[in-house]
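> For reference, the structure I am asking about is given below.
Readers should treat all values here as calculations from the given coordinates under stated rules, not as data from a laboratory. For clarity, every value in this text was computed on a predicted model and none was experimentally measured. Reconstructed Cβ throughout: ideal geometry from the backbone, glycine too, with neighbour counts over all protein chains shown.
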């Protein structure tokens, strides 16, 4: 079972509203989440990159995978939060599953 924290869910909902392009791009979404989390720790843009990496390794930025999973969960449960490529990705998923069966089992 996936546990999504309410704060991460709300943060990602707000990012989707402010930056719609993040609905289709996990890299952009992750960058926006990181920008906010770093700002929450009062780190300015003139800090060296190693501070960012230190914050990441200390768990202050959360898990990168949590951001992707939260986006996936929100878009599954709330169609209005889906990006333009949602249907395209899910169409490819069906095709990929069919290829994996090697013709042995109906999907």
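> When ranked by the protection proxy of mean other Cβ atoms within 10 Å per residue, highest first, what sequence do the peptides 22-33, 59-70 form?
Going by the mean number of other Cβ atoms within 10 Å, highest first, we get 22-33, 59-70.
> At 0.36 nm per residue, minus the direct Cα-Cα distance, what do residue 28 and residue 63 gain on full extension? Give it in nm, one decimal, please.
That pair, residue 28 and residue 63, stretches by 11.1 nm at full extension.
> Next up: Roughly what would the spin-label model give for residue 7 and residue 88, points 7 Å off Cα along C-beta, in nm?
If labels sit at residue 7 and residue 88, their model points lie 3.5 nm apart.
> Using the basic label-point model (7 angstrom from Cα toward the beta carbon), what is the residue 51 to residue 14 distance in nanometres?
Each label point is offset 7 Å from its Cα along the Cβ direction, giving 2.2 nm.
> A further question follows. How large is the direction-averaged shadow of the alpha-carbon convex hull of the range 16-84, in nm²?
About 4.9 nm², averaged over all directions.
> Separation between the residue 41 and residue 80 pseudo-spin-labels, each 7 Å from Cα along Cα→Cβ, expressed in nm?
Here the modelled spin labels are 3.4 nm apart.
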